[in-house]
Each structure stands twice: as C-alpha cells, then as structure tokens.
Amino acid sequence: MNKRHTQRQKWWWWSLMGVILVVLLASAAGTSPTEGNSDDRLFAIAAQIKCVQCVGESVAGSAAPIAIQFRSEIASQMKQGRTNDEILNFFADRYEGVLLTPPSTGVGSLVWVIPVIAIAGAALLLAESLRVRRSRGPVQQPSPEDEALVEVALEARHSEPSVTSTDTTDDS
Amino acid sequence: MSADTPRRAPVIAGIVGVAVLALVVLFLVSPKGGETKVTSPLLGNLAPELAGTTLTGEPFNLDSARGQWVLVNFFATWCPPCVAEHPELIKLNESTASTGLRVVSVAFDDSSANVEKFFADNGGDWPVLTQGTGAVALDYGVKGLPESFLIDPAGTVVAKFEGGITADALQRYVADSTAGGS
Amino acid sequence: MNRALGLTGLILALGGSLLAISVILTGLKRSRPELMRMGRAYSFVVLLGATMAVAAMERAFIQRDYTLKYVAEHGSSTTPALFNVASMWSALEGSILLWGLILAGYLVVVAHKFRKRLDDSLVAWALITMFSVCVFFFGLMLTAANPFRGNIPIPGFDGPGPNPLLQNHILMAFHPPMLYLGYVGFTVPFAFAIAALVTGRVGEGWLVETRRWTLFAWGFLTAGIILGAWWSYEVLGWGGYWGWDPVENASLLPWLTGTAYLHSVMVQERRGMLRVWNLSLLCATFSLTILGTFLTRSGVVASVHAFSAGSVGPILLGFFALVVAVSVGLIGLRGDQLRSAGHIDSPLSREGAFLANNVVFAALAFVVLLGTVFPLVIEATTGDTLSVGPPYFSRMTMPLGLTLLLLMAIAPVLPWRKASGELLRERLWWPAWTGLAAVLLAVLLGATGVAPLLAFGLGGFAAGSALRQIALATKRLGWRGFVGRANGGMVVHLGVIVIGVALAASMSFMSQGEFTLKEGETARVAGHTLQFLGSRTVDQPNRVELVARIKVDGEQVYEPKLNRYRQSGQTIPTPSVKASLRDDIMMSITTAPSESDPSLGLRVIVQPMVTWLWIGGLIMVIGTVLSLFPGRRRNPLDAVSAAAPIEQVSA
C-alpha cells in the first residue's frame, strides 16, 4: 500500500468526516411551520386530513367543494392563532376517521407499534442465528498458513473489482 | 431465515399460513365499498347551532324550532342528486301538517341568486339559508351532497341520511319514533 | 360475431390448459416423455385462444359493437382512437383479459425456451403450474368476469366511454400493460419454485432457470410503477406522484419482495444458503400479485383505481388462499430437504449485507401491507373508523429507505465471506467524501431538515460506491463493464439513488399557494411569477372546458383547464406543468371565473427535482436491460447444481 492509501486508514480523517457531517446537519436542521399564516403551513395541515368526498386524496390535494371548505376553515383557524393539533382535533371531532395519521393511543396505535416490534424481533433473530452459527465454529480450525494463503488469494481477487469476479461466475 | 434450521420450516410455514388465513377471513367479513354504514358523531347529541337569515329575509334559528321535528337538508343547485331529491322535499314539506315536521335547507357553496332561481323554478317555500353556510356544514360533518339530518323535538340529532331522501321513508321514520317514544 | 369469436377464444384457451395439465400429468405418471413434450403445442393453443379473445374485444371497441355489454359500458364513439384501444383495460373484465393474453404469452415463451427439456420433471411441473394459473384466469373470464356478456342496445345508443380520468393522458395506454407484464411475469419464477418443491429438486438448478425471468418481470413492474406515478402527477394535479393509495401499495408489495429476491438469490448462487427464504420470496411475490389484483378488483378498499365488482372478489381471494396454501404446504413439507450447504461467516460481508437488505425489504413490505389492511382490521374488530394515510407511510418508510441507501453505499464494495475494517476504509474513502460533498452542496443551496440532508448525503455516498464499481469494471473490461448482472445492477442502483434524492427533495421542499387572480394579476411562488392573462371556454362533445392562460416567469404561456362533464356534472381539472430539471411548476384551476366573480382560483405547486424521478426510472430500466445482457455467454441449459461446483468455478 502506498502513502495515499495509508492516509485512508487514519482515524482522524474519518472522524473529521463525521464532525463535518454533524456540523452540517446541525446547522441546517429545520422544522415544518407550526405557526403563522403561510400557505405552506396551511397545506401541511391539510395534507393530514382526508378529503371526505373523494377517494384516496387529502384535503390538500383535492379540488372538491368540501375540501375547499376545509381549507378555508383551516385558514381561518390559523388566523385565530390555533395550534396545528387544535385545528386537526376540530376536524377529528366532526368527522370520524378523517385524520390520515393514525392515533398514537388506543387500539389504533398498534399500527405504529407492531412494525417496530416485528423489525426489532427479526433483527434480533437474525443476529442470534448468526451468533449461534459462529460460536459453533468450523469443525476443523485452519492453520495460520492456510489463513495466510487465503488472505493472499482474497487480496489478489479483491484488489480487482469484485463485481467482475462475480460477473464471470454468476451470469449464465 | 429458516434456511439453516430445517426443522423450523414447518412451524414458520404454519404461522404464515394462519396469518394469511386470518387476512382472508378479514377480507371476507369486511363490508364492500358500496355499503358503508352511515355514522355521525352527532347522533344522540344536541344539534349544532344553525341560525341566520333566510332567502326571504326572515331570521331563522334552529333553537326556536324546539318542540318540532326538523329536517336539516344540505344541498346545492349544482349537485344533480340534490336536484333529483327536490320533489321529495316538496312532498315532505306539504305533508308537515300531519307529522309536524319542518324542513330547512342549507345551501352549500352556492350563490343566493342561484338558489333563489332554483326555488322559483322548482317550487318549495321552506326556510333556506345561503350565507355563511360553509362553517355550518363542517359543524354538521357534511361529507357530500345531499345530506340530511333529522332533529327530534328535544333538539337531538336522531338520524343522518347520506344521499337523497324520500318523503315516505322519512315520515315513516318520524311516525315510528313518535310511536315508540310515547 | 365478436362475442362468438371472443367466447370461442376463451373456451379454446381454457380447454387447452385443462388438456395440457392432464396430458402432462399422465406423461409424468406413466413416464411417457412424448406426452410431456406436448405441453408446447398446447401452450400455442392457449395463446391462440387468448389472442382471439383480445382481437375480438378490440374489434368490438373499434366497431363500437354495443351488443357487448362491456363495450356498451366502457366504449364510446367520442373516444379518440388510441384511448379506444386502451379502453379494453379501463375496467375489470377487460383488464383480466389483458392479463390472460400476457400470461399465455409468457407460457409460450417458457414452453419454447425449454422445448428440449419438456420431459424433465422440473420443467413439466413448472408448465403444469403455469397451465393451472391459466385455467384459473380463463375460467374466471368464462364465469364471474366474462368480458363477452351480451347486451341488446337501444337504437342510437352511444356508450359513456371510460372514466374521464382514464382518457386524458397518453400514459394510460402504457401504464397498465407494463404493470401487467411485470405482475404476470412473476408467474414464471413462481412456477419453477413450485416445480422445484414438488420434484424435491430444490438445489440451485431451478433458480438458474428463473433468475432472468424474475429480472425481466421486475423491470417491467418497475417501469409500470413509475409510469403510474407519472400519470398521477400529470393528471391528478395536486403535485403528488404517490398517494399511498391501497392499489398503489398493492403494486409496490410484489416489487418489494421481488427486489429482495433479486438480491438474496445471489447469496444462494454463491453460497448455497437461504434456499427456503428464496422460495418463500418467490411464492410471496406471486401471492402478492394476486392479492393486489384482489384489492383492486373487489372494492374491499376504497381507492381511485378500484373497479367495482360482484363475485370476482371472493373468487380471487379464494385463488390467493389456494396459492398461499400450496406454497406454504409444500415449503413446510420439503423443509427437511432444504438443508443449506453453508453458513454466514461474518455479518460484515457481501452475504451479510444482502441479508440486511432482505430484512429491510421485508420490513418495508410488512409496513406497507399492515398500513393497507389495518383500517379493515380495526373496523372488523372494534367497529371504529380510522385512516392510515400518507403521513403514516412516509414516517415509517423514511428510516427504512435511508437504511437502504446506507446499505447501497456499503454493500457493493464488500467481499463475500468476510471483510475487514481496513478494506472498508480503503474502498469507501471516495464514496464517503462524495456523500459529504452532497450534504455540503445541499446546505449551500439552502436545504434544511435532517432527514432530507441525510438522504442527500447517503445518496451521494451510495452513488460514489456504485460509480466506483462501474469505474473499476469499465477500466478492466471496457464497455463490457456496463453489462452483466452485477454491473447493470450498479446502474440500477444509480437510478434508485436518483429517485431517492428526487423524492426527498420534492417532498421536503415543496412550496405551494392558492390564489384568486383577476385578469392581468400576478401570483408569486418560490421565486416564480405567474400572470393570469385571461380565460376562454371551449365546448367539447362530452364536456365544457374552461381554459386559463397563465404566463410563467414572463416567458411561456401555459393553459391549465377545468372540465365540467355534461353527463355526470363532475368537475375535473386538467393541470398544466412547466417542467425543468430544477423544479416543476404545476398549475391547477380550483374555481372558474363567473359573471358574478370574474377572478380565477389557481392552485400553484412548485416542487424541485420532480423530473429526476422519471429520469431515475429511466436509468433503472436501462440498468435492468444491461443486467439482462449476459456478461459472458454460457449455455443456459447447462446443469448447475449446489454450491460446491460454483465455488470451484470461481476459485
């Protein structure tokens, strides 16, 4: 490995990258508007309400008269200084199942919880089966010489693009 | 990832099978798109405020109609099913003497001029509200047009009708409720 | 005449399939190869029947033959020629007819491709499976979803034409056939998976046969989904290309499991592992296409795409249950024969990354499926109504999508079996800097928000990795560095990354406004000016169009329309889009000027990078085509068995 390549192994370069990334992310963190009378806020709220007259559209998207009425109601409530939640609840009280975001309490919250549990469970199962496999280990331990040979062979192959080595064997 | 533990395969297959079976059963019991039931959070509750000036310039307040059955009808002249429903409303209104039922119409997203012309052309002489009705429609949870709410003498919303009503059905409904109630 | 021709075609196809199954089964049972070889001839019979039926239907549409109920309901003398042809798949029965034709097409190609091995029990069972699927679909067309029902038209009758939304954009002519080529294409790998399970030959042989078929179907499904998104964007006019509508979700589900399979199959080829998993993915993919069809056709879920239907729903549901039962049963029974040859040495390896990829794709599929059926579950159990809409799906899929971008950055540079930290640092050096540069660029351009910035950064990172692989491959192989599965796959990755970045940008940095403009007035959105020049009404046979003239940025004039359909009274806007590589300006009329109020209600949505979604889609399709090209020719009929020989080849 030449000098240029050893640079890449230095930890500070990678730490520097991480620091730059964090600084950039922190400097540009933004949130959606929660107050004011901007159209952006209006449509952000409207996008969370189902258009009751249409199928598969939100109040933000629909041109139906009732959706236009909803939007003007949102606008007037925004002018009255209501919060996003207050405005959403206003509609939820009048129309059943009108909010496109499922509730975070009650039975409805299961739709949030189940995937998290399932994904975590799958990941754990996978990690466990990998661990078991590895701890069982190969029947015969390779000698250091074997490993050195493999290392050389692997190095030779991977210094070439690994894609091409797969290519020759994988394509029929 | 049961590939490496074959004995798990039947178990996992069984679980997947049961899950899919549950899904199939669910689809079988689900109501189909067309037959959604009419629900409203208003049912059993006091009717939201409804007041204003009618087309003919008289003041109207729903509260003053306490002690009477009231049908609040949301409509628009640009909505074909509403136009189709109109004769039934006329029929219903004409028979108020026998049932003591009042009709009040609320025009949604429509101009007073249009509504005036509509009533002049098609008949009907019950109170019609046209101004500031958008907010009222939201208070009543109106989804589409036409939509009607039946309010009992105590001022409680007892029924909601999505789509056109018929005079006969409504009268029967009121008659049944009065008979059952007394 | 058309009716008789069509019905004859359907009966021919159904009869051919039934006969084929019994002949091949007899051949298998009595070990008579000459019977098994007849499958090819029968496949042509099925195709002939399907072609006859489709030809009859198209002829009926062209002739406006209203003695067919289907034509009377969906045809019209005012429909333009192209949409008239496309009318066939604008509703339930006709779309199943299209499905049947494509299925018959695949059947013939499979029977022809394997013509020398028709007496091989694996191929025989695959054909039996495919013929069985044919029996189902042609049987469905002869019963519950018969497109050739008769009708006695009143003299002078003219049909209503297809749904207005379906006849105002050219993409409607291409989106459904593409989607169906994808959907139906998954029947082939499914058939081979079932054949492998039935014959017990669950080694790698079946897999080699089906790999390219899967890729082919996957490519069409990808193109179909993207065309569908494009259609929504151009037609629906609210700046959306993906609404997480149940039917859109239904098309996404098989795409997700299919994509998972395309990755995990490489682990099986190289290492002989994940056999049950791969079989399950193929079975799941096919089952999900049927489930998707059921969701679209049964009216169980409300959707813009849903067709109303009678008894077709339960029949499709029954077929779905049957497919799952057969798959699950076979996998359960054969479980013990599926002992895998190897195991994963280290999570930090190519196979480890593929495994992680599969977990993420499975999770995505799970979330999408759960979100789609959850309102039904709640309604069935508690009676409550609730909605699971776009906010849910975007929130749940965003972290998974970002994880996928990260995997796309790391996985391509990972070697098989085991990788070291040094190796990763060495290979990820430039990709990592590319990612960082992408974040920096985005911040300089004024982007805010952690999620979109992460998407840009990871996108840059992943693009760096993919470009590195392509650069290395082309350096070594010249132009051949672009073809073959691994290299073409990197091109597909680039397309996915472009789409990912475009999604993040267009969703996060959308600005919009609703304006009331009098003639000559100007609206301003996100640095663009829109001047309302005036409007006019145009009378069309079936509707009145209000056309507004809007001058954008003082240059070109765009003309959004508002259509009021005479018959239904429906008002449907036709938006107008000024597209550019930087951003799209979508203009849609909300209220038309009237005598009492001469001002125009105009909705304006400005979204950056939307055009890149379609470009990304194109790159994905090009990548898929490149992947289909063989890197090096090999006789496809060569027997390839378990992992060991493959290892020898590569050693």
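The values are calculated or read from the model by the stated rules, or taken from the named source; none is laboratory data. Computed from a predicted structure; not experimentally measured. Using ideal geometry, Cβ is built from the backbone for each residue, glycine included, and neighbour counts are taken over all protein chains shown. Calculation scope for accessible area: heavy atoms of the full protein, side chains included, ligands and nucleic acids excluded. Shrake-Rupley method; radii C 1.70, N 1.55, O 1.52, S 1.80 Å.
Between chains B and C, what is the buried accessible area summed over both chains (1.4 Å probe, protein heavy atoms, nearest 100 Å²)?
The summed interface area works out to 2200 Å².
Taking all protein chains as they are arranged and a probe of 1.4 Å, the heavy atoms of C:ARG212 leave approximately 80 Å² accessible to solvent.
Put C:MET266, C:MET398, C:MET620 in order of accessible area, highest first, and with a 1.4 Å probe you get C:MET398, C:MET266, C:MET620.
Nearest 0.05, what FRET efficiency do A:VAL107 and B:GLU49 give at R0 = 30 Å with Cβ-Cβ as r?
On the way: r = 33 Å, r/R0 = 1.10.
So the FRET efficiency works out to roughly 0.35.
The solvent-accessible area of C:THR199, taken with every protein chain present and a 1.4 Å probe, is close to 40 Å².
Other residues lying with their Cβ under 13 Å from the Cβ of C:VAL23 contribute a combined charge of +3, Lys and Arg counting +1, Asp and Glu -1.
Once the Cα-Cα distance is subtracted from the 0.36 nm per residue extended length, the C:LYS116 to C:SER346 segment shows a gain of 78.6 nm. Near A:ALA46, once Lys and Arg are set to +1 and Asp and Glu to -1 for all other residues with Cβ below 11 Å from its Cβ, the sum equals -2.
With the gyration tensor restricted to C-alpha atoms of chain B, the semi-axes of the equivalent ellipsoid amount to 47, 19, 15 Å, longest first.
Beyond 29 Å between alpha-carbons counts as too far, so tell me which of C:LYS69/C:LYS561; B:LYS91/B:LYS143; A:LYS50/C:LYS551; A:LYS79/B:LYS160; A:LYS79/C:LYS551; B:LYS117/C:LYS518 fall in that bin. Listed pairs above 29 Å: C:LYS69/C:LYS561; A:LYS50/C:LYS551; A:LYS79/B:LYS160; A:LYS79/C:LYS551.
I want the local charge near C:TRP218. Using Cβ-Cβ distances under 11 Å, sum +1 for each Lys or Arg and -1 for each Asp or Glu among the other residues. Each step should come with its number before you reach the end.
On the way: positive: C:ARG211, C:ARG212; negative: none.
Local net charge: +2.
Got a sec? Which residues in region C:414-430 would a label at A:LEU16 touch, if it sits 7 Å along Cα→Cβ and we count backbone N under 11 Å? Output list for this probe position: empty. Normalising by residue count, chain C has a Cα convex hull of 176 Å³ per residue. Applying a 4.7 Å cutoff between beta carbons, the unpaired cysteines of the protein assembly as shown are C:CYS134, C:CYS283. Spin-label pair C:LEU48-C:ILE11: with each label point 7 Å from Cα along the Cα-Cβ axis, the two points sit 1.5 nm from one another.
Helix B:8-29 axis versus longest C-alpha principal axis of chain B: approximately 20°, rounded to the nearest ten. Run down the aspartates and glutamates and flag those whose C-alpha is under 14 Å from the C-alpha of C:LYS113, throwing out any fewer than 8 positions away in its chain. Partners within reach: C:GLU209, C:ASP638. Length available on full extension from C:GLU521 to C:ASP553: 0.36 nm per residue minus the Cα-Cα distance, which gives 10.2 nm. Hydrophobic, long helices, defined as DSSP H runs whose alpha-carbon span along the helix axis is 30 Å or greater and whose mean Kyte-Doolittle value is at least 0.5, occur in chain C at C:2-29, C:39-62, C:92-113, C:121-142, C:205-236, C:275-298, C:312-334, C:350-382, C:421-444, C:450-477, C:485-508.
Per-residue ellipticity at 222 nm computed for chain C from its helices equals -21000 deg cm²/dmol, with DSSP H segments shorter than 4 residues left out and the rest contributing -39,500 (n - 2.57). The label point for B:THR178 and the one for C:SER599, both projected 7 Å from the Cα toward the Cβ, are 5.0 nm apart.
If DNA, RNA and ligands are ignored and the probe is 1.4 Å, what is the ranking of C:TYR42, C:TYR70 by accessible area, most exposed first? The partial results should precede the final answer.
On the way: C:TYR42 40, C:TYR70 10 Å².
Per-residue accessible area, sorted high to low, gives C:TYR42, C:TYR70.
Each label was represented as a point 7 Å from its Cα along the Cα-to-Cβ direction; for B:GLN131 and A:VAL152 these points are 9.8 nm apart. Sorting B:SER105, C:SER420 by solvent-accessible area of protein heavy atoms yields C:SER420, B:SER105, largest first, with a 1.4 Å probe.
The residue list C:PHE456, C:PHE393, C:MET587 was ranked by how far each Cα lies along the charge dipole of the protein assembly as shown toward its positive end, using unit charges on Cβ atoms, and C:PHE456 comes out on top.
Region C:560-630 and region C:337-402 have Cα centres spaced 31 Å apart. Here the accessible area is traced with a 1.4 Å probe on the protein chains. For region B:51-181, carbon and sulfur cover 51 percent of it. Placing +1 on each Lys and Arg Cβ and -1 on each Asp and Glu Cβ, with no other charges, gives region C:1-157 a dipole about its Cα centre of roughly 520 debye.
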